[in-house]
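Structure first, then comments.
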Amino acid sequence: MPHVMVRYRVHPDRVAENEELVRAVYDELAASQPDGLHYATFKLSDGMTFVHLAQHDDPNPLQTIAAFQRFQEGIKARCDEPPAVVELREVGSYRLFGAEQ
């Protein structure tokens, strides 16, 4: 399962909209409960930068979530700093993403 981090900064006047779109993704995930996905979203202390962490199967179950597709549709327009996607290589962790050690 790949580990991915996505970081971006939204325009100040688009923060609330971005948060609503992110919450809609989690609402749909809670309802559909897809297997093969561990996912979290954080807002940094500047109030405009978001970080998404994901561990997922291939294909990525997020791609089947309608709310995630809506979130992605306007991401470029919402962003002051575009999304940067980085694949992470785990060195160590303790119960991250629910994994029992």
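Counted as qualifying within region 9-101 are the strands (runs of 3 or more DSSP E) with 1 or more residues that are among the hydroxyl-bearing types (Ser, Thr, Tyr) and in contact (Cβ under 8 Å) with a residue 24 or more places away in the chain, namely 49-56.
If a residue has to be surrounded by fewer than 17 Cβ atoms within 10 Å (Cβ to Cβ) and of a type in the set (A, V, I, L, M, F, W, C) to count, how many in region 5-14 make the cut? Residues in region 5-14 being surrounded by fewer than 17 Cβ atoms within 10 Å (Cβ to Cβ) and of a type in the set (A, V, I, L, M, F, W, C): 2 in total.
Please work out which residue is surrounded by the fewest Cβ atoms within 10 Å (Cβ to Cβ), limiting yourself to region 58-101 and to residues that are of a type in the set (Phe, Trp, Tyr) and farther than 15 Å from Leu21 by Cα. Here the answer is Tyr94. Report whether or not Gln55 is open to solvent by less than 40 Å² (accessible area, probe 1.4 Å) and modelled with pLDDT under 95. Yes, satisfied.
The values are calculated or read from the model by the stated rules, or taken from the named source; none is laboratory data. The model shown is predicted, which means the values in this text are computed figures rather than measured ones. Quick reminder, even Gly has a Cβ in these numbers, built from the backbone with ideal geometry, and neighbours come from all protein chains shown. The accessibility values were calculated without ligands, DNA or RNA, using every heavy atom of the protein model including side chains. Shrake-Rupley method; radii C 1.70, N 1.55, O 1.52, S 1.80 Å.
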